[in-house]
Structure formats: structure tokens, C-alpha cells
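Peer 1: Sharing a structure with you now.
The values are calculated or read from the model by the stated rules, or taken from the named source; none is laboratory data. Quick caveat: nothing in here was measured; it's all calculated off a predicted structure. Every residue, glycine as well, gets a Cβ built from its backbone with ideal geometry; the counts of neighbours run over all protein chains shown. Each accessible area value is taken on the protein alone, full model and side chains, heavy atoms only, with ligands, DNA and RNA left out. Shrake-Rupley method; radii C 1.70, N 1.55, O 1.52, S 1.80 Å.
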Amino acid sequence: MFDFDEPIDRLGTHCMKWDMMEKLFGVPAGDGLAMWVADMDFRPPPAVMDALAAEIAQGVPGYFGDDAAYKAAITGWMARRHGWEVDPAAILTTHGVVAGVGFCCQAFSAPGEGVILFTPVYHAFARVIRANDRRIVEHRLVTRDGRLCMDLDDLARRLTGDERIVVSCSPHNPGGRIWSVEEQRELAAFCKAHDLVLVADEIHHDLVLPGRRHVTAALAAPEALDRLVVLTAATKTFNIAGALTGNAIVPHEPLRARLAARIAAAGGGPNRLGVLMATAAYAGGEAWLEALLAYLDGNVRAFEDGLAAIPGVTPTPLDATYLAWIDFGGAGLSPDEVEARVRGAGIAASPGRQFGPGGETFMRFNIATPRARVIEAVARLQAAFAA
């Protein structure tokens, strides 16, 4: 029903991932492979395209109003896919998850106060925290048995007392790790002990590979609902990132009121096309998602197996996402040399050091692209890192 092998030419479409590749990475657009920005080279579900066609047909894209269907689509999806019964009143709309983190900084901390990040982690968090004049508290994740883990005892010893927020990322970007229920409960207890608001970025929560399971923080640690903000969106799940529409789900009304006040102070409103696409995707995109996850699983295996054959190169096992986190630390090369070889292979990928301490020897590759491109990337990388 869904052709994920179809090559779609995105060059010249105002596409950041492909049209900015040469400028930012020096990788020529003609035969380069764009494997950096986290959107997919697949068409969204037909329900999304139908919703856009209907909007064009009606002809007047005015201000959006009446979000009842949108919130019903979200609550229905959360109940079906995640077993989470969400009160529609708990849902606030933001212009994406990164904007949601910025609003949380404004609502729950003051300029100069600390926001904790577990690094390596999605680099846009640090950017928006700094832009809001908050102090980033970077705490490096540790690796145990090849998997990223939090060391909360060590973090507790390093706190100075002016920290106000923890930003958690699960499934983790870039590491592809799903935090277990036990780990989430430990983090929630940590936040309670140190009076911290827990902002849980769960934007990749639907992109869970077969055989794995993600549990939202709201169900993993219900004792923390009075200090919890869960950030979600349809944009990653259904490849509508340009919609810039996300959700801040805040079960605790006093906490929600503080965040809603900051969102209102920005003076914005819902993105009409974003809301319509998200509503359609949640209501009619489930079969597409199931097919996508099976396809991504094949891409993960092809990419990981191919790179594991390169001496000194170690793929990180993925629980979720379509972002391969590859450790080149055993290749005997500096980060600059690794990045140069990847670029020389005609591949634009994200340098691991962008994601903070702990990412220096890694590269992140977006493998949500037709499998032929994944196989081509493997062949290029094997040649680039041949002894």
C-alpha cells in the first residue's frame, strides 16, 4: 500500500535537508546523500495529503479556530498507541517541541538559573536554553554495556541549588535509547528531591522499532504529574516536520497555567495547516505508521550490519528513531578526520560533537530514506574507511 522505496527528488523544494547540504557540508547536491536533518524522504500518509487537498479546494486558509477535533485526534491516538488517557484540557499547542522547551524555560525558571541536559542530546535544546538566558547544566550520560545511562548520584553531587528544570529525551536523540520505566521513576524521584520541573521530550515516541516498547513519563512516574510536562508532536511520526506544530501535555493544572501564560505572552496562534495535517494523521495514519516501522527496521539492520563490518566502527543499538548513532572512536582517527572522510564520501551527516560532551567520536546518520540510498551510503562509507 505504501511505497517507501520510491525516490523523491527534494532538491529545489526549499528543503533544508537537501538544499542546504552543499552550503553547510560542502557535499555537492548532484550525487550527495543528505543524512543529517531529522525528517524522512517519504511521503506522509495519504490521509494527510487528502487533508491538504481539501484545504486547497476550500480556498481560504484563514485563522484556525475550534480545536475540538484536533484534541480528540490527539487523545484518541494517545489512548490507542500509548495507553494514556489524556484530558483534552491538558493539551497546549506550541510551534514545535523546541519552542515548547523555550516556553518551559520562561515559565519555570528565571534568567541565569540552571536547566539540566543529559548529553549527548539534541543540539537545539542547548540553543533555545541559551537564547532564553538560562544556564545550561550539562551532565554526561555514561555508557554501560553499550547503552547510554543516567548517573543521577553523580549529578546530585554537582548541583549548585539554582537548577529549576530537567529536560529528558526519550526515545533519546541521538542515541536511540528508550528509558525504562524504572529509570524514568528514578529521574522523577530525583526531580522531586531537588524541586525540579521535568520536561519530557517524547517526540519520537511513535517511532519505536519492532520488539521494543516506550512508556510515557506520565504513566511510568504518575507520582511526578505535579511537575511534569510531556512534549509530543505528530510531525516526526508522520513526516510533516514543516508543520511546526507540537503539543505540551501538562496534567497538573497549576503547572499548566504557568506554561499557558508564557505561550499566550508570545501572541501566537495555531498553525492552520499544521493542525489540519496533524488531525488527519492521527485519525488516518496508523496503517502507514505500521508499514513505516517495518521498513525502518530493515534500514536499521542494513546500515548497522554494513558499518559494523568497518574495523573500529561501532553502531549503537537502536530502540527507536531513524537516527543511527555510530561510534568511530576505534578507527584511530580524530573527529576532524572522521568528518572529512564522511564528507569525502559524498554524505552529509551530523557530527557527534554537535550534541555535547560524550558525542565527540560519533556521527549521526538519518536513515529514513529509500533503502537503495542506505545501501549506497554503506558502500561509500566502507570505501572511505577502508584500511
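Peer 1: Would you please name the residue that is modelled with the highest pLDDT, looking only at residues in segment 240-251 that are over 12 Å from the mean Cα position of the chain (by Cα) and within 19 Å of ASN366 (Cα to Cα)?
Peer 2: ILE240
Peer 1: Let me ask something additional. Taking segment 200-235, which residues are in a loop (DSSP other than H, G, I, E, B), over 15 Å from VAL97 (Cα atoms) and open to solvent by 10 Å² or more (accessible area, probe 1.4 Å)?
Peer 2: PRO210, GLY211, ARG212, ARG213, HIS214, VAL215
Peer 1: Could you list all residues from segment 147-162 that are over 21 Å from the mean Cα position of the chain (by Cα) and open to solvent by 10 Å² or more (accessible area, probe 1.4 Å)?
Peer 2: Going through segment 147-162, the residues over 21 Å from the mean Cα position of the chain (by Cα) turn out to be 151-162.
Result: ASP151, LEU152, ASP153, ASP154, ALA156, ARG157, ARG158, LEU159, THR160, GLY161, ASP162.
Peer 1: Against the condition in a helix (DSSP H, G or I), touching a residue at least 40 places away in the same chain (Cβ under 8 Å) and open to solvent by less than 30 Å² (accessible area, probe 1.4 Å), how does GLY102 come out, does it pass?
Peer 2: Working: in a helix (DSSP H, G or I): yes; touching a residue at least 40 places away in the same chain (Cβ under 8 Å): no; open to solvent by less than 30 Å² (accessible area, probe 1.4 Å): yes.
The answer is no for GLY102.
Peer 1: In this structure, is ALA241 of a type in the set (A, V, I, L, M) and crowded, with 24+ Cβ neighbours inside 10 Å? Walk me through how you get there before you give the answer.
Peer 2: Details: of a type in the set (A, V, I, L, M): yes; crowded, with 24+ Cβ neighbours inside 10 Å: no.
No.
Peer 1: Another question, then. Counting only residues that are among the polar types (S, T, N, Q) and in contact (Cβ under 8 Å) with a residue 60 or more places away in the chain, which one in segment 221-258 is nearest to PRO45 (Cα to Cα)?
Peer 2: Narrowing segment 221-258 to residues among the polar types (S, T, N, Q): 232, 235, 237, 239, 245, 247.
Filter again for in contact (Cβ under 8 Å) with a residue 60 or more places away in the chain, leaving 232, 235, 239, 245, 247.
Values: THR232: 19, THR235: 12, ASN239: 9, THR245: 17, ASN247: 20 Å.
This residue is ASN239.
Peer 1: From the list GLY175, GLY96, exactly one residue is at positive phi and either open to solvent by 30 Å² or more (accessible area, probe 1.4 Å) or small (Gly, Ala, Ser) (or both). Which is it? I'd like the intermediate steps shown before the answer.
Peer 2: Working: GLY175 fails: at positive phi.
Checking each option against the conditions leaves just GLY96.
Peer 1: For TYR70, are the conditions met, namely being open to solvent by 30 Å² or more (accessible area, probe 1.4 Å) and among the hydroxyl-bearing types (Ser, Thr, Tyr)? Break it down into steps so the answer makes sense when it comes.
Peer 2: Numbers: open to solvent by 30 Å² or more (accessible area, probe 1.4 Å): no; among the hydroxyl-bearing types (Ser, Thr, Tyr): yes.
Criteria not met by TYR70.
Peer 1: For segment 43-67, which residues satisfy the criterion of being part of a helix (DSSP H, G or I) and without any contact (Cβ under 8 Å) to a residue 12 or more places away in the chain?
Peer 2: Start the filter on segment 43-67 by keeping residues that are part of a helix (DSSP H, G or I), which leaves 46-58.
Result: MET49, ALA53, ALA54, ILE56, ALA57, GLN58.
Peer 1: Mind telling me which of the residues THR369, THR361 ends up being over 23 Å from PRO311 (Cβ atoms), touching a Phe, Trp or Tyr at 6+ places or on another chain (Cβ under 9 Å) and crowded, with 18+ Cβ neighbours inside 10 Å?
Peer 2: Working: THR361 fails: over 23 Å from PRO311 (Cβ atoms).
On inspection, the qualifying residue turns out to be THR369.
Peer 1: Another question about this same structure. Report, by residue number, each residue of segment 68-94 that is in contact (Cβ under 8 Å) with a residue 24 or more places away in the chain and touching a strand residue (DSSP E or B) at 6+ places or on another chain (Cβ under 7 Å).
Peer 2: ILE74, VAL86, ALA90, ILE91, LEU92, THR93, THR94
Peer 1: Which residues, taken from segment 185-199, are part of a helix (DSSP H, G or I) and buried (at least 24 other Cβ atoms within 10 Å of the Cβ)?
Peer 2: Step one: filter segment 185-199 for residues part of a helix (DSSP H, G or I), giving 185-193.
Listed by number, the residues that qualify are LEU187, ALA188.
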